[in-house]
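Some notes on the structure that comes next.
The values are calculated or read from the model by the stated rules, or taken from the named source; none is laboratory data. Given the structure is predicted, the values throughout are model-derived calculations rather than measurements. Ideal geometry is used to build each Cβ from the backbone, glycine not excepted, and the neighbour counts take in all protein chains shown. Calculation scope for accessible area: heavy atoms of the full protein, side chains included, ligands and nucleic acids excluded. Shrake-Rupley method; radii C 1.70, N 1.55, O 1.52, S 1.80 Å.
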Amino acid sequence: GSSAATQPGGGELLSGEETAFWTFVAWVELLLPSDFYAPPDMIGLQREVHVLQLLARAQLPALFAEHVLCEKDALAILSLVAFKWLPSCFVNQLPLTTLLACYDQLVLRYPPAELLVSARPSAGRGGGGGHLQLAIALVAQCLPDLS
């Protein structure tokens, strides 16, 4: 049979999907630490989870209030969601329209030029932590359900 690329208009769709894929790959490479997926321990992911916990302590003190969760439970919940959300960059974790809106906000807040300037591969860090701020915002939305 014929592929989508050989059908009228199909080449543009395939090209658009390919462009979107490679744009996403480049964005992830700039956003996440260089050792994020490094085997065997994914030390970059572990570091990002720890930073997320520190951010949550600073930005979401209500999460750690005694009437909501004890600190141990709050840190455990953050770890669980982080290990689910961060490696996939929230793909299949949010409805597609919500995910795309979040990506738009991340790109607007951390435009590619800014990512390129702030990304320092030698330091092993990604560019800016927008993905962690997105995680903080999602947890903040859930706070009323936790109390």
Fill in: Residue in region 90-101 that is least open to solvent (accessible area, probe 1.4 Å), counting only those that are within 17 Å of Phe21 (Cα to Cα) and touching a Leu at 6+ places or on another chain (Cβ under 8 Å)
Phe90
Practice prompt. Consider only pairs whose beta carbons are under 8 Å apart and that are at least six residues apart or on different chains; among these, list those whose first residue lies in region 87-109 and is closer than 18 Å to Glu48 by Cα and whose second residue is open to solvent by 90 Å² or more (accessible area, probe 1.4 Å) and of a type in the set (Ser, Thr, Tyr).
Written response: Pro87/Tyr37
Worksheet item: How many of the residues in region 1-42 are at pLDDT 75 or above and in a loop (DSSP other than H, G, I, E, B)?
Response: 11
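Identify all residues within region 61-84 that are among the hydrophobic types (A, V, I, L, M, F, W, C) and at pLDDT 90 or above; write none if there are none.
If the condition is that a residue be among the hydrophobic types (A, V, I, L, M, F, W, C) and at pLDDT 90 or above, then Leu75, Ala76, Leu78, Leu80, Val81, Ala82, Phe83 are the ones that fit.
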Discussion item. Being open to solvent by 30 Å² or more (accessible area, probe 1.4 Å) and modelled with pLDDT of 85 or more is true for just one of Ala137, Ala113. Which residue is that?
Written reply: Ala137
